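**Q** Supplied in structure tokens, the structure appears directly below.
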Number of protein chains: 2
Amino acid sequence: MADYEVEKHTRLNRIPDRGHYDEKTVHSIIDSALICHLGFIENGRPFVIPCIHGREGRTLYLHGAKASRLMNESGSGKDLCITFTHIDGIVLARSLFHSSMNYRSVVAFGKGRILEADGEKIHALNVVTEGLCRGRWEGGRTPTKKELEATSVIAVDIEHAGAKIRTGGANDDEGDLSGPWWAGVLPVETKIHPPIPSEDLRIDPAPPQHVLDRVGDVL
Amino acid sequence: MADYEVEKHTRLNRIPDRGHYDEKTVHSIIDSALICHLGFIENGRPFVIPCIHGREGRTLYLHGAKASRLMNESGSGKDLCITFTHIDGIVLARSLFHSSMNYRSVVAFGKGRILEADGEKIHALNVVTEGLCRGRWEGGRTPTKKELEATSVIAVDIEHAGAKIRTGGANDDEGDLSGPWWAGVLPVETKIHPPIPSEDLRIDPAPPQHVLDRVGDVL
């Protein structure tokens, strides 16, 4: 797979070893995230809003209520920054200075455009839905015309993106290794647990296979 | 405890029931988050960067390498937006339109100022460290003068903040309740697991109590 072109917004100047620009790494971090943090500017102020996303190739899809400021601002062609973050551990070095976090993150830049055609919108919503729970598009009720009209869907073609990853243990200075301080990592795990069926189900409450398939996934 | 004043940047217009502005709710979401997503504007473009934070009263502390763009931009008094998000579940409604996420989030606005005095910086770093792992400030090696000089610490007094929370199951339309589609929630949990001691420890590798106290915490 190709690499994202490195440019000044995505290049890591400090600790460049943590930077990754290949599609495989960048896309796997995006795809395993349940949400992203969407940054945009409104009236000269920055806003950061958590959003559900889907990805197809180098395109991100976001959706929201048609009336929302978020959708109107983000879909108007302005610059966006979309960030995806997983926390994998609290790194407790002997020195607080070298204490850190294990993480996987992607920062992506692009401009948003509102999708107008119903076919495009349905395709994007399918990508979002299937990204969250594969098989759900067939397993749920698809949107009506009226619901589709009430929903804004935005496509963002990623112009630049970079991943940053830290793994492993504490990296203390040589002079601290003989000190009296404990060092190590507290792992942090985000996991999907067994489903809780709705109480008002009128069908067999046993979850379907596409829902069970998601159980145990560590993000 | 007091409430944050509600203003146009933090008021929820859609589904206002999900909005919370009391300090107890807002601060508990901030405090249980391991990281925040910091939004700022540089050269007219939005940036969203994951950061470790600490909180004391209505002040947030962030830190980073002195040389970093992040710290220089964020500490210069410009408007910042700092967002904290926990995902608690994937809500699978019968209709994809009503499918959603259970979450707790806070969006906070303020301006950043770089802390210059060593005493202020040490105090802020103590707040950040203790927020991540209570007892770690005493349990690790505190910063040297040189390390302190290499670190930028920023204080952000929160001007406005609002929390948004969704809990519970799927809320389907009455007409869909008799349909053939399963509905329910896939719970998502972020948890701190038992520590992994560094391989190069020269002291007893058994983790100290302040580290063990963090195990099992669900964020």
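The values are calculated or read from the model by the stated rules, or taken from the named source; none is laboratory data. None of these values were measured; they are calculated from a predicted model. Note that each Cβ is placed from the backbone with ideal geometry, even for glycine, and that neighbours are counted across all protein chains shown.
**Q** Which ones in the stretch A:91-130 are in a helix (DSSP H, G or I), within 11 Å of chain B (Cβ to nearest Cβ) and in contact with a strand residue (DSSP E or B) (Cβ under 6 Å, 6 or more places away or on another chain)? Break it down stepwise before answering.
**A** The first filter runs over the stretch A:91-130 and keeps only residues in a helix (DSSP H, G or I), leaving A:96-98, A:118-130.
Restricting the remaining residues to those that are within 11 Å of chain B (Cβ to nearest Cβ) gives A:96-98, A:122, A:125-126, A:128-130.
Hit for the stretch A:91-130 is A:VAL128, nothing else.
**Q** Which condition does A:ALA33 not pass, out of (1) closer than 30 Å to B:GLY162 by Cβ; (2) out of contact with any His (no Cβ under 8 Å at 6 or more places or on another chain), if it passes all the others?
**A** (2)
**Q** State the number of residues belonging to the stretch B:94-142 that are acidic (Asp, Glu) and free of Cβ contacts under 8 Å to residues at least 24 places away in the same chain.
**A** 1
**Q** Give A:SER76, A:SER95 a once-over and let me know the one that is more than 20 Å from the chain's Cα centre (by Cα) and under 27 Å from B:CYS133 (Cα atoms).
**A** Details: A:SER76 fails: under 27 Å from B:CYS133 (Cα atoms).
Checking each option against the conditions leaves just A:SER95.
**Q** May I ask you to say which residue of B:LEU92, B:LEU125, B:LEU34 is farther than 26 Å from A:ASN171 by Cα, surrounded by 19 or more Cβ atoms within 10 Å (Cβ to Cβ) and modelled with pLDDT of 95 or more?
**A** Exactly one residue qualifies, and that residue is B:LEU92.
**Q** Within the stretch A:76-89, restricting attention to residues that are on the phi < 0 side of the Ramachandran plot and touching a Lys or Arg at 6+ places or on another chain (Cβ under 6 Å), which residue is surrounded by the most Cβ atoms within 10 Å (Cβ to Cβ)?
**A** A:HIS86
**Q** Follow-up. Please determine, by comparing only the residues of the stretch A:179-218 that are under 30 Å from A:GLY112 (Cβ atoms) and surrounded by 18 or more Cβ atoms within 10 Å (Cβ to Cβ), which one is farthest from the chain's Cα centre (by Cα).
**A** Once the filter is applied, the top-ranked residue is A:HIS210.
**Q** Anything in the stretch B:149-178 that is closer than 30 Å to B:GLY119 by Cβ and more than 9 Å from chain A (Cβ to nearest Cβ)? List them, or say none.
**A** Residues satisfying the conditions are B:GLU149, B:SER152, B:VAL153, B:ILE154, B:ALA155, B:VAL156, B:ASP157, B:ILE158, B:GLU159, B:HIS160, B:ALA161.
**Q** Right, something else. Of (1) crowded, with 21+ Cβ neighbours inside 10 Å; (2) part of a strand (DSSP E or B); (3) of a type outside the set (Ser, Thr, Tyr), A:ILE165 satisfies all except one. Which?
**A** (1)
**Q** Inspect the stretch A:156-167 for any residue being among the small types (Gly, Ala, Ser) and either over 15 Å from the mean Cα position of the chain (by Cα) or over 30 Å from B:PHE40 (Cα atoms) (or both) and give the result as yes or no.
**A** no
**Q** Can you confirm whether the stretch A:179-189 contains a residue that is more than 10 Å from chain B (Cβ to nearest Cβ), over 28 Å from B:CYS36 (Cβ atoms) and not in a helix (DSSP H, G or I)?
**A** Within the stretch A:179-189 (the criterion being more than 10 Å from chain B (Cβ to nearest Cβ), over 28 Å from B:CYS36 (Cβ atoms) and not in a helix (DSSP H, G or I)), the answer is no, since none of the residues qualifies.
Yes/no matrix, rows are residues, columns are (1) free of Cβ contacts under 8 Å to residues at least 60 places away in the same chain; (2) under 27 Å from B:ILE192 (Cβ atoms):
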site: B:LEU12; (1), (2): no, no
site: B:GLY57; (1), (2): yes, yes
site: B:LEU62; (1), (2): no, yes
site: B:GLY75; (1), (2): no, no
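**Q** Hey, any hits in the stretch B:134-147 for a residue that's part of a strand (DSSP E or B), out of contact with any helix residue (DSSP H, G or I) (no Cβ under 8 Å at 6 or more places or on another chain) and surrounded by fewer than 21 Cβ atoms within 10 Å (Cβ to Cβ)?
**A** no
**Q** Please determine, by comparing only the residues of the stretch A:37-53 that are surrounded by fewer than 23 Cβ atoms within 10 Å (Cβ to Cβ) and under 24 Å from A:HIS123 (Cα atoms), which one is nearest to the other protein chains (Cβ to nearest Cβ).
**A** Looking at residues that are surrounded by fewer than 23 Cβ atoms within 10 Å (Cβ to Cβ) and under 24 Å from A:HIS123 (Cα atoms), I get A:PRO50.
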